[in-house]
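Asks: Okay, here's the structure, questions in a sec.
The values are calculated or read from the model by the stated rules, or taken from the named source; none is laboratory data. The model shown is predicted, which means the values in this text are computed figures rather than measured ones. So basically every Cβ, Gly included, is an ideal-geometry build from the backbone, and we count neighbours across all protein chains shown. When the accessible area is computed, the model is the full protein with side chains, heavy atoms only, and any ligands, DNA or RNA have been set aside. Shrake-Rupley method; radii C 1.70, N 1.55, O 1.52, S 1.80 Å.
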Amino acid sequence: MPAELSSAIERLKAERDAVILAHYYVAPEVQAVADYVGDSFYLAKLAKSLPQSTIVLAGVEFMGESAKLLNPDKHVLLPEPAADCPMAHMVKRETVDAAREQYGDDLAVVCYVNSTMEIKSWSDVCVTSSNAVDIVSKLPQHNILFIPDQNLGHYVAEQVPEKNVLLNKGYCPRHHVITAEQIEEAVAAHPGALVLAHPECKAEVLAEADYIGSTAGIITYAEKSEASEFIIVTVAGVLFELERRTQGTGKRFYFPKTRPTCINMDMISLRKLVACLASGSGEVEIGLSEEAAAQAKLTLDRMLEYAAK
């Protein structure tokens, strides 16, 4: 990165009292200039503790919304407001209402953080892929409506068999298209490699995995493992952090034949990040009623409370 660009970013951050948070899936050059890089849970938790008055979130829309809900008095900026997550919209209000009518007080609507602000307002508690199993196991309700991701929901159901987990039909398009055959091909090409998979993948893919975990979990597992080769079954943006953490170890990373990429995360460029810092564009607003916004925030607060137990 040119020294002029680096100094410009530092100057703009100081002028705007800003901090840059980036998700592991964005471009390497964006991760490189961020103050903090992490997965959804880490970034949501971190946003509450930072002193800066402006948060620049290099990620998709729901991440900016979560940061804004947790920090309503701060400015939250998205370098590319059009970067959305298709799965974040994949649940209907009727699905939630029907489950509440059927199960009453013995139902918890558990919302994956990869969801819109409005969908969070329909829910009881939020979760991420790193804490979903733990939080669902702690909930007092027996019946769990897991929205919007059917694949993560199915994984949670298998890990918490004592609960009645109801599934929704949503999915992440980047993970859902990965097949067991693609994993088998990768294993055949790299027979000594361990398969590390994200639980947004289908059950048939997870059945091939040596480790199943969140983005941060996959990175940490690879970093600490004594193995030297890994097949990474999540969005390829994680490669930058994987290589950074394992530099000099000789560890090698492979992806399925159809390399998973997130076209929305790919929209976030260094140029857009600098422009956002310079102009203050892409500000996230809470476009809900006061009551709905309070409920959406409550789901995130409950997530952080359960995760701390």
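Asks: Being modelled with pLDDT of 95 or more, open to solvent by less than 50 Å² (accessible area, probe 1.4 Å) and closer than 18 Å to Ala32 by Cα, is that true of even one residue in the range 260-267?
Replies: yes
Asks: For the range 253-268, which positions are touching a residue at least 40 places away in the same chain (Cβ under 8 Å), more than 20 Å from the chain's Cα centre (by Cα) and over 14 Å from His175 (Cβ atoms)?
Replies: Of everything in the range 253-268, those that are touching a residue at least 40 places away in the same chain (Cβ under 8 Å), more than 20 Å from the chain's Cα centre (by Cα) and over 14 Å from His175 (Cβ atoms) turn out to be Tyr254, Lys257.
Asks: Answer with yes or no whether Ser214 is surrounded by 14 or more Cβ atoms within 10 Å (Cβ to Cβ) and closer than 23 Å to Val76 by Cβ.
Replies: So Ser214 fits the description; yes.
Asks: For the condition open to solvent by 50 Å² or more (accessible area, probe 1.4 Å) and of a type in the set (A, V, I, L, M), what is the one hit in Ala180, Ala207, Ala197, Ala222?
Replies: Ala207
Asks: Another one. Within the range 1-31, which residues are in a helix (DSSP H, G or I), open to solvent by less than 10 Å² (accessible area, probe 1.4 Å), of a type in the set (A, V, I, L, M, F, W, C) and under 21 Å from Arg244 (Cα atoms)?
Replies: Val30
Asks: Select, from Ala44, Ala34, the only residue that is at negative phi and touching a residue at least 40 places away in the same chain (Cβ under 8 Å).
Replies: Details: Ala34 fails: touching a residue at least 40 places away in the same chain (Cβ under 8 Å).
Only one candidate qualifies: Ala44.
Asks: Further, regarding this structure: Taking the conditions exactly as written (small (Gly, Ala, Ser), surrounded by fewer than 23 Cβ atoms within 10 Å (Cβ to Cβ) and modelled with pLDDT of 95 or more), does Ala188 satisfy them or not? Can you show your working first?
Replies: Values: small (Gly, Ala, Ser): yes; surrounded by fewer than 23 Cβ atoms within 10 Å (Cβ to Cβ): yes; modelled with pLDDT of 95 or more: yes.
The answer is yes for Ala188.
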